[in-house]
Amino acid sequence: EGPRIEASFDTLCANDLAELSSLFSKANGLFFSGMAVGTKQDDDLRVACSQLLMNAANSFAAAVAVLRMGYVLQPGIILRSLLEAVSTALHLLLNPKDLQAYKSHTLQSPKTIAAAKKVLPPFGLLYGNYSDNFAHIGHLHKSLTPVREYTEKHEALGANLSMLRIAAWLLYVTAELVFNELVDRPRYWHPVEQGYAYAPSDDEKNWMQKFFNFTPEPL
C-alpha cells in the first residue's frame, strides 16, 4: 500500500511540496556553502554549525518522507529534534566560547533554547508546543492515527503541513543569520554595528503571510 499512499499525498499536497522545496533548497545551499567555507578557513564554529544544520535538514526531509508514507504522529517527533539542532547552532553563534562544551557533550539543551528565544522570540512557544504534543503524550497520541491513503486535508495532515512550513522557515532564517556574509540579498538579517538586526521588508512580510496561510489551488 505504500506507493499508493505516497502517490495520494503527492497529488493532494503538490503545491505544498513545491513551496516547501523552494525554501528548503535555499537553506541547504547555505549549509553546504557554509561547510565549505568553514572547512577551508579552519573555522571550527562554522563547521559545527554547518554539521548541526545539515543534520537538521535531514530531519526535515525524514519528516516529509514519513508523512508521505501515511504516518501523521511521527513527523512531529522528528521535527522536535530539528528544533534542538537549530537552537544549538544559534547558541554557538551567540556564545562561541561554548564550542568546547558542545564538543565535549556538556552543553545543556535548556541553555541553547534560551539563546534561540533571544534571537527568535517565538522559538520558545514552538519548542514548548512540540515538547508537549510529541516528546510527551499529546493530542495525537490519544487518538487513532491509521496509515491510509490521503483523500482530503484532514486536521492531522493540515497540522503536519503547517509544522513543516514553520520548520523550513526556521532552517532558512537560521542559515541566513549563521552564514549571512554568503547571502547576496538577505531577506531577514541585515548587518548593524554590533551584529545583525532582524528586519524583513514589507514584501518579505507579505510573502511570509502567504507562505504560512497558503491555500493550495484546486487540482
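Please treat every number below as a calculation from the coordinates, not as lab data. As the structure is a computational prediction, the values presented were derived from the model and not from experiment. Glycine gets a Cβ as well: all are built from the backbone with ideal geometry, and neighbour counts include every protein chain shown.
Principal-axis analysis of the Cα atoms of the chain puts helix 2-12 at an angle of about 80° to the longest axis.
If packing is taken as the average number of other Cβ atoms within 10 Å across a peptide's residues, how do 182-192, 29-39, 15-25, 167-177 rank, most packed first?
So the order, starting with the most tightly packed, is 167-177, 29-39, 15-25, 182-192.
Local charge for residue 34 was computed over the other residues whose Cβ lies under 15 Å away, with Lys and Arg +1 and Asp and Glu -1, and equals -3. Amide H to amide H distances under 5 Å link residue 189 with 199, where only residues 5 or more positions off or on other chains count and H is placed in the peptide plane.
Can you give the translational diffusion coefficient of segment 1-44 in µm²/s, computed by Stokes-Einstein from the Kirkwood radius over Cα pairs at 10 °C and 1.306 mPa s? Write out the running numbers ahead of the final one.
Numbers: Rh = 12.8 Å.
Diffusion coefficient, whole number: 124 µm²/s.
The charge dipole of segment 16-97, taken about its Cα centre with unit charges on the Cβ atoms of Lys, Arg (+1), Asp and Glu (-1) only, comes to about 20 debye. FRET efficiency for the pair residue 182 and residue 101, taken as 1/(1 + (r/R0)^6) with r the Cβ-Cβ distance and R0 = 25 Å, rounds to 0.40.
Let me check I have the definition right: for segment 32-109, take the eigenvalues of the Cα gyration tensor, multiply each by 5, take square roots. What are those semi-axes in whole Å, largest first?
Working: eigenvalues 147, 47, 11 Å².
For segment 32-109, the semi-axes come out at 27, 15, 7 Å.
The HN-Hα couplings worked out from phi for segment 194-205 by the Karplus form 6.51 cos²θ - 1.76 cosθ + 1.60 (θ = phi - 60°) are 10, x, 9, 10, 7, 8, x, 6, 4, 4, 5, 4 Hz, whole numbers, x standing for Gly and Pro.
Computed over the chain, relative contact order equals 27 percent, with contacts defined as Cα pairs under 8 Å that lie 6+ residues apart. Applying 1/(1 + (r/R0)^6) with r as the Cβ-Cβ distance of residue 155 and residue 205 and R0 = 30 angstrom yields a FRET efficiency of 0.60.
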